[in-house]
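Below is one structure, written out as structure tokens, with a few remarks after it.
The values are calculated or read from the model by the stated rules, or taken from the named source; none is laboratory data. Values in this document were obtained by computation on a predicted structure and should not be read as measured data. Note that we place each Cβ from the backbone using ideal geometry, even for glycine, and neighbour counts take in every protein chain shown. Each accessible area value is taken on the protein alone, full model and side chains, heavy atoms only, with ligands, DNA and RNA left out. Shrake-Rupley method; radii C 1.70, N 1.55, O 1.52, S 1.80 Å.
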Amino acid sequence: MKINTHFFKEIYFKIYICFILVIVTNYMKGQTINVGGSNWTVSVPAITEAGTNYAGTYESATNLYTLSGTLPGSFLNLLTSGAARISVHHTPTTWNSNLHLYTKRSGGTTNISGLCLGCTATINGGTTYVEIPQAVATAFFTINFSGILGLGNSVTFSGINGQVQISGVSVTIPATTYATQIVFTIGPN
């Protein structure tokens, strides 16, 4: 009777891969990003004179949305560059490709909890308008972390206010209601 060792090697390899995936997913869970705020309805004034156009660009309030969240130590350990990236994209319900969305942030604080030697966490970038693409996320800002992790570490960030700008509003775009959802994601930089 011949035992097929290649078959057993393949089975063991698959088992090891499953264990590795379980370990990695346990490290990756826990980072959160919370978005507070409200919907924004752009008030476009009526055109009363032939030959005129809309202003074309409109801005929301500076605190249309607020971001906060937590980066646990297990996630911080995986950051090879010492930074987490907040990315942004939008998912349209009804949209016209001539319309462009932008966002920028202001403010924000970080707090490090747990035992950490010489640790700092800072929020960088995103203070000037960044275009929000459809479907594929683009970098918005980073949360940089440095120090020697100890026990029970996490970084919380809060009070990051966001503003949205829309451009391309024109009489050449069909008059209807356009809607989209802005999506924020967090991951390693």
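Side notes on the structure shown:
- Applying the condition of being open to solvent by 70 Å² or more (accessible area, probe 1.4 Å) and more than 24 Å from ALA61 (Cα to Cα) to region 131-146 and asking which residue is modelled with the lowest pLDDT yields ALA135.
- Test: residue in region 102-125 that is touching a His at 6+ places or on another chain (Cβ under 8 Å) and either in contact (Cβ under 8 Å) with a residue 24 or more places away in the chain or open to solvent by less than 50 Å² (accessible area, probe 1.4 Å) (or both): no
- Within region 147-189, considering residues that are loosely packed, with under 12 Cβ neighbours inside 10 Å and in contact with a Gly (Cβ under 7 Å, 6 or more places away or on another chain), the one farthest from ILE86 (Cα to Cα): LEU151
- Listed by position, the strands (runs of 3 or more DSSP E) contained in region 93-189 that have at least 3 residues being in contact with a Lys or Arg (Cβ under 9 Å, 6 or more places away or on another chain) are 138-149, 154-167, 179-188.
- Within the option set THR128, THR103, THR80, THR110, being more than 19 Å from ASN34 (Cβ to Cβ) and modelled with pLDDT of 90 or more holds for one residue only, THR128.
- Every residue from region 65-92 that is closer than 16 Å to THR122 by Cα and in a strand (DSSP E or B): LEU67, SER68, GLY69, THR70, LEU71, PRO72, ALA83, ALA84, ARG85, ILE86
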